[in-house]
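Read through the structure below, which is laid out as structure tokens, and then see the notes.
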Amino acid sequence: MKKYGLIGKSLGHSFSPTFFKEYFEENEIDARYELIELDSLDNCRQRILEFDGCNVTIPHKEAIIPHLDELSEEAKAIGAVNVIQVENGRLIGHNSDAFGFHNSIKPFLTGAHERALILGTGGASKAVAYVLKKIGLNVFYISRNPEGENHFSYEDMNEQMIATCKMIVNTTPVGMHPNSEDLVPIPYKFLTEEHLLVDLIYNPAKTRFLYEGEKMSATILNGETMLKEQALKSYRIWNNNV
């Protein structure tokens, strides 16, 4: 039996074990999927080598990189890893978040989406920015502690910024179960029906961020499709079937 797992810090919210259990059963695959909760990545290599492949989630998508032997070209360009391929005792980092995000937003893109606001600057935001830039959108980052070009604070967000950026992507954990009442502090009153709000969170299915966007007639999308797409891509990477 092959063994795969998810590396993270607090994984009670994760749907990945259920998804993979159902996928393995439906496809008659002799494998199991486990949660690997690690507060620290010290000595993580030995733990990872017990598996045939792993996923990586917050807050370890960037911190895991020094513990790996190699990065795929895409993971290197993004600067974050969410898939680890175990091959002959070597750990190879990949990123399937970009693939999953791209596939999830494709049906919703319109000519109005020329610029995007990305809420958060962690590992997930890097994959989102990579995709959006690749398809030609101008990207701006919103964070509590903005640093660098095209980075702004939540207090900087105004009507003009919202009007010119018709896509807003939440890559932060704000609003995730069990803190489902938490709300990302943006000026929702300036949203319109031309806006697309994407939340990478999938539990709950509709965060308050999405709920407030829906009230303003914006198109909303949660992270469930991205989760499924990146998970299937992960399995193909683990089994050299990319």
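Coordinate-derived values only; no laboratory data. Remember, predicted model here, so these are calculated numbers, not experimental data. Positions of Cβ are generated from backbone atoms using ideal geometry, with glycine treated the same way; all protein chains shown enter the neighbour counts.
Below is a table of values for the structure above.
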| item | result |
| --- | --- |
| Computed label-point distance, nm, for sites residue 115 and residue 49 using a 7 Å Cα→Cβ extension | 5.0 nm |
| Amide H within-cut-off set for residue 71, under 5 Å, with H built and near neighbours excluded | 93 |
| Antiparallel content of DSSP bridges confined to the chain, in %, to 5 | 20 percent |
| Extension gain, residue 106 back to residue 69 (0.36 nm per residue minus Cα-Cα distance, nm) | 10.0 nm |
| Rg(Cα)/(2.2 N^0.38 Å) for the stretch 125-235, N = residue count | 1.06 |
| Surface/4 estimate of mean projected area, convex hull on alpha-carbon atoms of the chain, nm² | 13.0 nm² |
| Packing-based order for 140-150, 74-84, using average beta carbon neighbours within 10 Å, highest first | 74-84, 140-150 |
| Sites residue 180 and residue 133 - FRET efficiency at Förster radius 35 Å, r taken between beta-carbons, to 0.05 | 0.65 |
| Relative contact order (%) - the chain, alpha-carbon pairs under 8 angstrom, separation at least six | 16 percent |
| The stretch 37-103: Rg to Rh, with Rh as the Kirkwood radius over Cα pairs | 0.94 |
| Euclidean distance between Cα centres, the stretch 125-166 to the stretch 187-242, Å | 17 Å |
| Using θ = phi - 60° and Karplus 6.51 cos²θ - 1.76 cosθ + 1.60, couplings along the stretch 127-142 (whole Hz; Gly, Pro as x) | 5, 4, 4, 4, 5, 5, 5, 5, 8, x, 8, 7, 10, 10, 10, 10 |
